[in-house]
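Beneath this line is the structure, given in structure tokens, with notes to follow.
The values are calculated or read from the model by the stated rules, or taken from the named source; none is laboratory data. From a predicted model like this one, the values you see are computed outputs, not experimental measurements. Backbone-built Cβ (ideal geometry, glycine too); neighbour counts: all protein chains shown.
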Amino acid sequence: MGAASLTRVLVVPLRPRMNVIRTSEKTAEILGSSGTLRSACLDAKFGEVEVETSEKNLILRARISDGDAVLTKGLPILVVSKVTDEDVYLVHAL
């Protein structure tokens, strides 16, 4: 019980800093970036893409905005927007 209380006392002051780190993601650099489809397929419910930015390669959860379309692995894509409440990016085929 003592160790848990001590850990809480040490960790609670760091919470605001961790939130800053978590929310400092550079979404603007990701929007408009191109990449390739990484998962077996991409539709309106599920998908994963790999995007190259100036700093690093990112693997993102993605969906296609057109509900009827299904894309297959390896196709080039363009990231067009972010669904913030779900942390998912909407993409279009290039």
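Yes or no: residue 35 touching a Pro at 6+ places or on another chain (Cβ under 8 Å), modelled with pLDDT of 85 or more and not hydroxyl-bearing (Ser, Thr, Tyr)?
yes
Output the residue which, of all residues in the range 71-94 that are without any contact (Cβ under 8 Å) to a residue 40 or more places away in the chain and under 14 Å from the mean Cα position of the chain (by Cα), is surrounded by the fewest Cβ atoms within 10 Å (Cβ to Cβ). Quick ask: steps written out before the conclusion?
Keep residues of the range 71-94 that are without any contact (Cβ under 8 Å) to a residue 40 or more places away in the chain, which gives 71-75, 83-88, 90, 92-93.
So of that shortlist, the ones also under 14 Å from the mean Cα position of the chain (by Cα) come out as 83-88, 90.
On the way: 83: 13, 84: 8, 85: 6, 86: 9, 87: 10, 88: 16, 90: 17.
Taking the candidates together, the pick is 85.
How many of the residues making up the range 59-70 are crowded, with 16+ Cβ neighbours inside 10 Å and modelled with pLDDT of 90 or more?
So the count comes out to 3.
Looking at the range 2-23, can you tell me whether even one residue there is at pLDDT below 90 and either part of a loop (DSSP other than H, G, I, E, B) or surrounded by 13 or more Cβ atoms within 10 Å (Cβ to Cβ) (or both)?
no
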